[in-house]
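The values are calculated or read from the model by the stated rules, or taken from the named source; none is laboratory data. Please read all numbers here as calculations on a predicted model, not as lab measurements. Backbone-built Cβ (ideal geometry, glycine too); neighbour counts: all protein chains shown.
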Amino acid sequence: MVSGRFCIGKLHIHRMKMMNKEDVLILAIESSCDETAAAVVKNGRQVLSNIISSQIDLHTLYGGVVPEIASRKHMEQINQVIEEALIQAKVTLDDITAIAVTYGPGLVGALLVGVAEAKAIAYAKKKPLVGVHHIEGHISANYIDNPELEPPFICLVVSGGHTHLVKVEDYGKYVILGRTRDDAAGEAYDKVARAIGLGYPGGPKIDKVAKEGNKNAIKFPRAHVEGAPYDFSFSGLKSAVLNYINSCEMKQEKINQADVAASFQAAVVESLVSRTIAVAKEFKINKIAIAGGVASNSALREEMIHACEENQLEFFRPSPILCTDNAAMIGAAGYYDYMNGIRDGLDLNAVPNLKLGER
């Protein structure tokens, strides 16, 4: 195995499928944040196993992810989850075609655990190594639950660290059309949840409490970025919620937790849905997908369904388990990178700030 990333000839996916008579089995590893995960994915869309060891209970004690603790737990769990993924898939490392691993973006210490493990397996078993972009993995999760989905389509990526509007032109080919200028949507959820006493993780807790509240009770702002109609900004919304809470406390007025959660969530969802529909119309693309942890939010999914129906657009979304960090999505993305001839050497390193589309 040589050093450096290279391409052995980028061929059309369908042509490669026709030429390749044998199934392609990808062993995928994900360790970018606080989930240690491994999966075996067949031909990019069939999940034979998807093992996730979550650290959420541990990090909840600290109100958020502690990088040093996350890295240590990855080291403790990674061999176990890989072994379990192989057993559940009823395969051995000798049956595997290639190893795919998240190499960025994410927490550098956490990423390094997965990358080191993948390189060790690739070296020992003389298997091709493919580094995968974490966000590309989230986008590719849609291929697993929607076998009919093919590029081009618009994908809204919403997670704790990212809020992107992406034009998926082809497998492995992305154009970012909009992004957050400050807080990501998931980050705003966590901060607001903490402010109203819900704790960590904020996304699912706000989503649950919001069902009991009135989303029209409080008029929170919907920010617009001048000159960039598809960009997002959530810091002003977060500040507006904090100012509302402080104002109520100064007046000694009781805060209705459910109303604050519902009103905040309505502002976020409206911003996400309106921009996604607008960008699909401008670029004349009739397929929309969502991805990332916030993509499991029930209000976002419901509003996107309604908006797509009203505008005669097809809507695709992964199941909730594939929205959060997992290795199956890395296996799907890794398959298409592998089929496009992408190979990495043993000098593959973690890139915590890796941009989508960089290689």
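Brief remarks on what is shown
- Only one entry in Glu270, Glu282 is farther than 27 Å from Thr36 by Cβ and under 21 Å from the mean Cα position of the chain (by Cα), namely Glu270.
- Against the criterion of being among the β-branched types (Val, Ile, Thr), outside the structural domain of Tyr338 (by TED's automatic domain parsing) and closer than 25 Å to His133 by Cβ, Val209 does not qualify.
- Out of Ile305, Ile330, one residue alone is outside any loop (DSSP other than H, G, I, E, B), β-branched (Val, Ile, Thr) and in contact (Cβ under 8 Å) with a residue 40 or more places away in the chain. It is Ile330.
- Of residues in segment 28-65 being in contact with a Leu (Cβ under 9 Å, 6 or more places away or on another chain) and assigned to a loop (DSSP other than H, G, I, E, B), the one nearest to Gln80 (Cα to Cα): Ser31
- On the stretch given as segment 181-206, residues that are of a type in the set (Ser, Thr, Tyr) and either crowded, with 22+ Cβ neighbours inside 10 Å or under 14 Å from the mean Cα position of the chain (by Cα) (or both) total 1.
- Check on Ile330, under 27 Å from Ala98 (Cα atoms), in contact with a Lys or Arg (Cβ under 8 Å, 6 or more places away or on another chain), among the β-branched types (Val, Ile, Thr) and buried (at least 23 other Cβ atoms within 10 Å of the Cβ): no
- Among residues of segment 39-65 that are in the same structural domain as Asp95 (by TED's automatic domain parsing), those with a beta-carbon under 6 Å from a residue that is among the acidic types (Asp, Glu) and surrounded by fewer than 18 Cβ atoms within 10 Å (Cβ to Cβ) at least six positions away or on a different chain give the pairs Lys42/Asp23; Asn43/Asp23; Ile51/Glu84.
- Residue within segment 273-283 that is farther than 24 Å from Asp145 by Cβ and small (Gly, Ala, Ser) present: yes
- Selection status of Arg275, in contact with a Lys or Arg (Cβ under 8 Å, 6 or more places away or on another chain), within 23 Å of His164 (Cα to Cα), of a type outside the set (Phe, Trp, Tyr) and not in a loop (DSSP other than H, G, I, E, B): no
- Segment 249-289, subset among the β-branched types (Val, Ile, Thr) and farther than 21 Å from Phe316 by Cα, residue surrounded by the fewest Cβ atoms within 10 Å (Cβ to Cβ): Ile255
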